[in-house]
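Read the structure below first, then the notes.
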2 protein chains.
Amino acid sequence: MSNIETMSVNAIRVLAADAIQKANSGHPGLPLGCASIGYELWAKHMKHNPANPQWANRDRFILSGGHGSALLYSLLHLFGYGNLSKEDLAQFRQLDSLTPGHPEYGHTVGVEATTGPLGAGMGMAVGMAMAEAHLAARFNKEGYDVVDHYTFALGGDGCMMEGISSEAFSLAGTLGLSKLIILYDSNKISIEGDTDIAFTEDVQKRVEAFGFQTLVVEDGNNLEEIGKAIEAAKADKTRPSFITIKTKIGFGCPAKEGKASAHGEPLGVDNVTALKENLQWPSQEPFYVPDEVYAHYKEITDGLAKEEAEWNAMFAKYCEAYPEMKALWDEMHSDVDAQALLENEEFWKFEDKPEATRNLSGMVINRIKDIVPGFIGGAADLAPSTKTYMKDMGDFSKDNYGGRNLHFGVRELAMTAIGNGLMIHGGLRSFVSTFFVFSDYVKPMARLSALMGAPLSFVLTHDSIGVGEDGPTHEPIEQLAMLRAMPNFTVYRPADATETIAAWYYAVTSKKTPTALVLTRQNLPQLAGSSKEALKGGYVIADSTKETPDAILIASGSEVSLAISAKEELAKENIDVRVVSMPSMDVFEQQSKEYKEKVLPIECRKRVAIEALSDFGWGKYVGLDGAYVTMKSFGASAPANLLFEKFGFTTENVVNTVKGIL
Amino acid sequence: MSNIETMSVNAIRVLAADAIQKANSGHPGLPLGCASIGYELWAKHMKHNPANPQWANRDRFILSGGHGSALLYSLLHLFGYGNLSKEDLAQFRQLDSLTPGHPEYGHTVGVEATTGPLGAGMGMAVGMAMAEAHLAARFNKEGYDVVDHYTFALGGDGCMMEGISSEAFSLAGTLGLSKLIILYDSNKISIEGDTDIAFTEDVQKRVEAFGFQTLVVEDGNNLEEIGKAIEAAKADKTRPSFITIKTKIGFGCPAKEGKASAHGEPLGVDNVTALKENLQWPSQEPFYVPDEVYAHYKEITDGLAKEEAEWNAMFAKYCEAYPEMKALWDEMHSDVDAQALLENEEFWKFEDKPEATRNLSGMVINRIKDIVPGFIGGAADLAPSTKTYMKDMGDFSKDNYGGRNLHFGVRELAMTAIGNGLMIHGGLRSFVSTFFVFSDYVKPMARLSALMGAPLSFVLTHDSIGVGEDGPTHEPIEQLAMLRAMPNFTVYRPADATETIAAWYYAVTSKKTPTALVLTRQNLPQLAGSSKEALKGGYVIADSTKETPDAILIASGSEVSLAISAKEELAKENIDVRVVSMPSMDVFEQQSKEYKEKVLPIECRKRVAIEALSDFGWGKYVGLDGAYVTMKSFGASAPANLLFEKFGFTTENVVNTVKGIL
C-alpha cells in the first residue's frame, strides 16, 4: 500500500473516530475495521460519480451494517458527495444534521438505503440486483449495455445471523444474480462477546449452498487482496459472489482493537489520541485531513466522472437509435400520471356482482400492468391465493430477467426488503403479497419502506376470520392496528370493487408513502353508495335523513355491507342512522377538519365501529359514548359464515349494539 | 414393509383424505406424502405414552408444517391419544371441534405446539431441545437420566425457506443439541409450482454448515430406510441431525401425486375414491379402518406404556435418593407462588434515586433468578444494553447446558420461538429480550406465545425517542399499539421502580398470558404516588382536589413524571387535574366497570393522553373532546433531551395542550 493510500484509508478512520467522539455516541468498531474495504471499493472498483449521485447506471453500495454510518459519511465526505463537509461530520448524530445515527435514504446525498435493522441491507441489495437484471433485460440492445452495474452490500456477523440474509441469499442464488457482490466484514465479535457463543457456523459454506461463489480475504487491510477478490467476484458471470473479509473490529485503536467494546461506544478521548498516534496521523486536531489526502481523493473522483461521461454519450446514441426505448425509459423513470388514471374509465370499470376484493385486486393489477410498464411484483409463494399473477408478463427467473412476475418463495421478510430494493433502485414500481396475518413477518421491512418514503404496495389478502377453516394462526386480528399505527404508511381495506380500484389508484400514484391493500378471501356485494370518495379515506356511504343522525355506524371492508344491512333494519324501527365507510383511517386523518367533521359530526356521539378485527384504534371515532362490534379474541377454525355468526358479525347483533347505546 | 404396516400407514392417508374431504377444506399433500414418516417415527422410534401425554420425559414431536394437521390428528387417533375419535376426525375444521385447521397447543391432547406460520415449529423445537439439555444438566445424576428425550420436528420446503429455520438451526449447531432431530419432507413442490422457481439451494449443505449431521432418505415410503436414518440421528452424540426425506406430495392419489394442487385443497370425492382403490383399501366407507389395523396400533401403544412405567420406577428411586432434587423438580414444575411474591418485601425494594427502568428490570431479574429456579433467558446479542444478564447463573453453551443465561445471537425471531419452546416444554420459565423497536421481528412468534397461552416474558428496552442518537430506525413509535392490539398479550410500560417490579410480578406469575415489559434507556425519577395499584393496569397517581377534575392526564412510562410536572404547573393557574398512570392498558381493561369509571369518570371529558409513541389506541380513553401529546411521525437522531423537546414532550406543551381543550 503506498503511503498516500495508507493515509487515505486512515483518513476514514480518523474522521469516523472524531465524529463519534464529538457526538459522544456511535459505533467506531466497523468504520475502523472496514476503512480499507471502503477505500478500495469506492476508489478502484465501484463505478460511481460523486458529482451526480443520481446517475442511473451507477454501482449501488449499501451499508447493511448501518450502525457503521460514520464509515459511510467519511467516504461521502472524502469522495465529495453532496458537498458533505467537515462541519457535517462534526454534527454527527445531532438534531437535523446530514449525518444521523444510521444512514437515511433521501436525507443524505449518496446514501442508497436506510439501514440499521441488521440484514435489511442484504435484502434490499438483492432487490437492487434484481432491478438491474430486469432493466438490463428490457433495455439493453446489441452494443448498448445501458443498464450494467453492480450492487455491493457490506455487512457483518449480525447481518449474517439474521434470517433475512438466508432468505434473500437463497433467492439470489436461485436467480443467479451475478452482479450482486456481498462483502462480509468478519470480525468474530458480537455485542455479548466472541461470536462463538452463538455463531460457530461455517458462513462460507452456507452461502455456497445458496449458489454463491465464495471468496476469502485473509487480511482486511490488504488493499490488493481485497481488490483481487472484488475483481474475481465481478468475473463470475453466473453466480452472485460473497467475499468474507477478515477484519479487526476497532482496528488501529490499541486499547479497543478486537474487543466487543469497540462496537457501540465512542473510543474515548485518550483512545482517539492513541489511535492517531498509532496510525502516525500528522495531527491531533479533530477532523484534520492533510491536503495531499484530499488531493488524492480529488484525483480519483475526476477519473470517476469520466465513466459517467462515457455512459452519457452512449446513452445519447441509444436514445437516437431507439426512440421508443427512450420513451419507455422516461416513462419508467417518472411517476404514474395520476390525473390520467383518475379519468381513465376502463381503469374504474367493474361488473356488478358479488366478488372477493382479492379477485377485484387481481383484476386491477392486470390493468395496472398495462398502464404502468415498470410495474413488477409477486407473492411469497401464494400468488394463486392472493391473485397477484400478471397475465402474459412472464416469470422473472435466471433465464428470463425480463419477466415481471416475481416468485419470492416462502420468505415474507426478504420479499419486502427486496420490494424496497426494487423501488429505491429507480425505474420500477413494485408490489409484494402474502396473507394478511403474515404481515407480521413483513412488518420490519414495511417500516423501512415507510421510513425511506418508498411507495411499495402490499397486497394482503385473507383479511379476517373470513379465512374460515384455516383457523386462528391464519386469521388476522391485530394486524390492522399494527399497520395503521405506523407513520407514513397507508392502509386501505376496501368494501367493494370501486373502493378496491380506489385503493390501487392511491397505491400506484403515491409518491412517498407505501400502501397496504387489505383484502377479503370471501365474496362481497357491490355497494350502491360507494364512490371515488373512498380516496378521502372515509365518507358517507348511506346517509340518515336527519341532519344529526340517531347514530353513526363506521365500518370498513367486509363489514360495510353489514352496517348497511343494519341501517335498513334499524330504519324499520324508526332509528335513522348514517353509515360511514372508512376504507383508510390514515387517509381520512389527512382530510380537512371541516371534511372530517362533516362525515362524523361531533353532535352525534352515538357511534358504533364495526370491523371483524381488533377494536384497537377505533376509539378516536367512537369516543366515550359509542360501542364496538369487533373481535375481542383470536379467531377459530370453522366455515367463515359460522365464525361471523359466532363472533357477532350479524345484522341482529349490530342492531342490538346500536340500540344498546341509544 | 409387512402388509399390516402398509395398511397402518395407509390408514393415516385414508383418514386424512376423508377428514379433509368431509370438511371440504384442508391440506392433503403433506399427510399423504408423510404418512410413512409419521408411522415409522411414532411406532418405533419415539418414546411416548399416549395414555399419559403429559409424561415429562416423553419425546417431543412438532409438526412444523402445521397445515398438515390431518396427519397429526390421524396419528393421534390411531395411537389413541385423548380418545380422539373418528367423530372428531369427521369434525375436522368445524366449529369448536378438537381438530381445528392447524394444530393448537392446549386444545387437542397430544399437540405439543401450535403451528401454521411456517418455520415456527423449527424454532420451538430448538427451544425444546435446549430445555431438555438444560433440565438434564440440572437434574440427571449418575445412573439416573431422569431427563433424557429427543425432540423431533417435521417440516417441508416452506419451513426451510423461512429465515427462522436458518436462525434456529445456526444456534442449534453452535450449541451441539444432539437430541434435536429434524425431518425434512422434501417434495420439491410449492404453492406457486416446482420449488426450482425460488429455491434451488442445497439444503443439506446449508444445514451441514450450521453444524448438523445430515442424512438422506431416498424413498419416503421405505420404513426401514427412514428408521435407519432416525437411529443414525440418535447415534450422533455431538450434533443435531437433519434428515432429508424425499417424498411425493399427495402420495397415493393418482391424479394429485407430485402436483402443487395436492397441497392445499381437498382431493375431491372422485380422487378420494381413486386413492382408496389405488391403496387397495378394503372399503370406500368414509373413515373406515379395519379392526386389524386398530389391533396393530393397540399392540404398539401397549409397548409404549411400558417405557413410561420403567421411567416412573426409576424416577421414584431418584426422588428417594435425592429428596432435594425432588423438591426442586416439583418447584420447577409448578407455578410461581404469587401470594408469597406479592408479600416478599425484598422483592419490592428499591432505592429512591433516578434510574432507567431497564436497569430496574435488571435488578428485578436478578431477584427472580433466585426465587424462581426455572427462570432462564437472554437477549438477541444485546444483554449489556437490555440489562438481562443474570449474575452467577452461568452461560448456556455446548459445554455448560446448566447455564441460565442464553445467548441468542442477532436472531430476534428464532429467539422468540425458542422462548416459546422453552416455556411449553415444561419445567422452565423463560424470557427473551431485545430493543423495543425490534419487537417488529419478534412479533410473529409473540403471536404464537399469545395463541398458545405460553406466558413468555419479553424485555423490550430503549422504548421511545429516548433512544436519542441512534435515530428513527431504532426509535419505536407504533410498536406499543402493535403489541397492545394483540389478544391475550399484556404490555407493561412502567414509570418507575415500583411499577417495574409490579410489571415483573405480573409477568412471572402470569399463567396463560405472555407479558412484555417496555423499558427506558434513560433515567426516570421515582414517583411519590406509584404503588402496587400498578397491578390494576391504570390508577390515579396524583389526584385533583375536585370530585370531577378539570382534566385528566393519562400517561405511561417516561411520560408519567411529565404529566405530574404539568399538573403542578397547571395548579399554579388554578387548573386542578388528575394524573392517571396507565402502565398497562391490557390489564386496566380487565378491571371492573366500576373501577375503570372511578379512575376515568365519564363526567370528565377533558382528557389528554401523553406518551412518546403513536397516539393509536388512546382514543378509547381520550374520547372526542380530549387531546394528545404523542408522536405523529418517526423520530430523529439527536441527544434524547433535544428530541423530547422537538417533539413536544415538555411541561409547557402539555400545559398548553390541556388549556387548549378547557
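One table, with the values for the structure above:
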{"quantity": "All positions within the stretch A:332-342 that are over 22 Å from the mean Cα position of the chain (by Cα) and among the acidic types (D, E)", "calculated": "A:D337"}
{"quantity": "Selected residue [within 18 Å of B:H102 (Cα to Cα) and part of a helix (DSSP H, G or I)] from A:V442, A:V437", "calculated": "A:V437"}
{"quantity": "Residue count for the stretch A:423-448, restricted to those that are more than 9 Å from chain B (Cβ to nearest Cβ) and over 9 Å from the mean Cα position of the chain (by Cα)", "calculated": "14"}
{"quantity": "Test for A:M124: is it assigned to a helix (DSSP H, G or I), crowded, with 24+ Cβ neighbours inside 10 Å and more than 10 Å from chain B (Cβ to nearest Cβ)", "calculated": "yes"}
{"quantity": "Verdict on A:L267 being outside any loop (DSSP other than H, G, I, E, B) and under 30 Å from A:I4 (Cα atoms)", "calculated": "no"}
{"quantity": "Test result for A:G66, at negative phi, within 14 Å of chain B (Cβ to nearest Cβ) and not charged (D, E, K, R)", "calculated": "yes"}
{"quantity": "Any hit, the stretch B:185-197, residues being within 21 Å of A:S166 (Cβ to Cβ), more than 10 Å from chain A (Cβ to nearest Cβ), surrounded by fewer than 19 Cβ atoms within 10 Å (Cβ to Cβ) and of a type in the set (K, R)", "calculated": "yes"}
{"quantity": "Residue satisfying condition, being surrounded by 16 or more Cβ atoms within 10 Å (Cβ to Cβ) and touching a strand residue (DSSP E or B) at 6+ places or on another chain (Cβ under 8 Å), within set A:S556, A:S565", "calculated": "A:S556"}
{"quantity": "Residues (more than 17 Å from B:P266 (Cβ to Cβ), among the polar types (S, T, N, Q) and surrounded by fewer than 21 Cβ atoms within 10 Å (Cβ to Cβ)) located in the stretch B:1-31", "calculated": "B:S2, B:N3, B:T6"}
{"quantity": "Counted residues, the stretch B:198-207 - those being surrounded by fewer than 23 Cβ atoms within 10 Å (Cβ to Cβ) and within 7 Å of chain A (Cβ to nearest Cβ)", "calculated": "3"}
{"quantity": "For B:A340: the one exception among (1) surrounded by 15 or more Cβ atoms within 10 Å (Cβ to Cβ); (2) part of a helix (DSSP H, G or I)", "calculated": "(1)"}
{"quantity": "Qualifying residues in the stretch A:509-526 (those that are surrounded by fewer than 24 Cβ atoms within 10 Å (Cβ to Cβ) and within 17 Å of the chain's Cα centre (by Cα)) - the one nearest to A:K443 (Cα to Cα)", "calculated": "A:T513"}
{"quantity": "Tally, over the stretch A:471-480, of residues that are assigned to a helix (DSSP H, G or I) and either touching a Lys or Arg at 6+ places or on another chain (Cβ under 8 Å) or outside the structural domain of A:K511 (by TED's automatic domain parsing) (or both)", "calculated": "1"}
{"quantity": "Subset of the stretch B:364-398 that is at the interface with another protein chain (Cβ under 9 Å from one of its Cβ atoms) and part of a helix (DSSP H, G or I) - its residue that is nearest to B:V410 (Cα to Cα)", "calculated": "B:A383"}
{"quantity": "Filtered residues of the stretch B:449-479 (kept if of a type outside the set (V, I, T) and within 8 Å of chain A (Cβ to nearest Cβ))", "calculated": "B:A450, B:L451, B:G468, B:E469, B:D470, B:G471, B:P472, B:H474, B:E478"}
{"quantity": "Residue satisfying condition, being over 29 Å from B:Y39 (Cβ atoms), in contact with a Leu (Cβ under 8 Å, 6 or more places away or on another chain) and surrounded by 15 or more Cβ atoms within 10 Å (Cβ to Cβ), within set B:F350, B:F287", "calculated": "B:F350"}
{"quantity": "Qualifying position, being among the small types (G, A, S), out of contact with any Phe, Trp or Tyr (no Cβ under 8 Å at 6 or more places or on another chain) and either buried (at least 24 other Cβ atoms within 10 Å of the Cβ) or at pLDDT 95 or above (or both), among B:G466, B:G426", "calculated": "B:G426"}
{"quantity": "Any hit, the stretch A:169-178, residues being crowded, with 24+ Cβ neighbours inside 10 Å and over 25 Å from B:M122 (Cβ atoms)", "calculated": "yes"}
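The values are calculated or read from the model by the stated rules, or taken from the named source; none is laboratory data. Fair warning: this is a prediction, and the values are worked out from it, not measured in the lab. Here the Cβ is made from the backbone with ideal geometry for all residues, glycine too, and neighbour counts use every protein chain on show.
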